[in-house]
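Visitor: Handing you this structure, nothing more for now.
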Amino acid sequence: MGKTTGFMDYDRCDAECESPKERIKHFREFHTPLSKEEQEIQGARCMACGVPFCQAGQMIAGMASGCPLHNLVPEWNDLIYHGNWEEAYYRLKKTNNFPEFTSRVCPALCEAACTCNLHGSPVTTKANEYGIIENAYEKGYAKACPPKARTGKKIAIIGSGPSGLTVADQLNKRGHLVTVFEREDKPGGLLRDPRREPGGVQRDQYPAGIHLHFHVSQAV
């Protein structure tokens, strides 16, 4: 995976971010992403580990080590190194329903478990994930793919935060018809801050089979 000597040839270069004192003044994104060319070089640093701990997702002494989603990290690092961004997106979506969430707010347990991190700097896996999903939206790879067959079963989900939407996506892929009820006017839960300024990321794209109802607030 990646370039055989990439972890020795290239230094870690991550997306720059605003200082905390500056970012608390607004609700826009505060990272400046790398270019695709720079991201491909970072993908080259993935070192073809015999055991890729980054994707293990194991509990060790009560603490999580590696990606809890078991993302196929070495595979899509290798794919972006070779410039195959579309296939990298498909490999990422194999295990991750919403990389547009995790590439922004995940604490990057994969990087903490990266073998490169033992004697150097880990691969910029979180930034690579961000680059993959942003490129997928830009190129049109990220689109709704409804299942070919339906079970006829209907399922209701309360709340359209990341967990609710992930469950809805999984059930829809299995062929069920899903209805999500949300008390606010838009989905996203706590990830959608009502104070956010214009220009933030807003992607309201739902596969056929998932229906959302807003302004639903009913005591149970």
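Visitor: If you average the sequence gap of Cα pairs under 8 Å that are 6 or more apart and divide by the length of segment 36-164, what percent do you get for the contact order? Could you put the intermediate results ahead of the total?
Guide: Values: 172 pairs, mean separation 33.0, N = 129.
RCO, segment 36-164: 26 percent.
Visitor: Something else now. Listed here are the pairs 94/126; 93/139; 94/148; 25/186; which of them are more than 22 Å apart at the Cα?
Guide: Working: 94/126 16 Å; 93/139 15 Å; 94/148 18 Å; 25/186 24 Å.
From 94/126; 93/139; 94/148; 25/186, over 22 Å: 25/186.
Visitor: Output the antiparallel fraction of DSSP beta bridges having both residues in the chain, as a percent to the nearest 5. List each step's numbers first, then the result.
Guide: Working: 5 of 14 bridges.
So the antiparallel bridges in the chain amount to around 35 percent.
Visitor: Also, I was wondering about something else. Just one of (i) 1.10; (ii) 1.27; (iii) 1.03 is Cα Rg over 2.2 N^0.38 Å calculated from these coordinates, so which is it?
Guide: (i)
Visitor: Another question about this same structure. If you put +1 on each Lys and Arg Cβ and -1 on each Asp and Glu Cβ, how big is the dipole of the chain around its Cα centre, in Debye rounded to 20?
Guide: Values: 27 positive and 26 negative charges, 213 e Å.
The calculated dipole for the chain is roughly 1020 debye.
Visitor: If contacts are Cα pairs under 8 angstrom and at least 6 residues apart, what is the relative contact order of the chain in percent?
Guide: Details: 376 pairs, mean separation 40.1, N = 220.
Worked out over the chain, it gives 18 percent.
Visitor: Gaussian network model of the chain, Cα springs within a sub-10 Å range: biggest mean-square fluctuation belongs to which of 82, 31, 119?
Guide: Per the Cα network of the chain with a 10 Å cutoff, 119 tops the list.
Visitor: Would you mind computing the Rg to Rh ratio of segment 5-71 from its alpha-carbon coordinates, Kirkwood style for Rh? The partial results should precede the final answer.
Guide: On the way: Rg = 16.1 Å, Rh = 14.8 Å.
Rounded to two decimals, Rg over Rh is 1.09.
Bear in mind these aren't lab numbers, they're just calculated from the coordinates by the rules spelled out. Not measured: the values here are computed from a predicted model. Please note: Cβ atoms are built from the backbone with ideal geometry, for glycine as well, and neighbour counts cover all protein chains shown.
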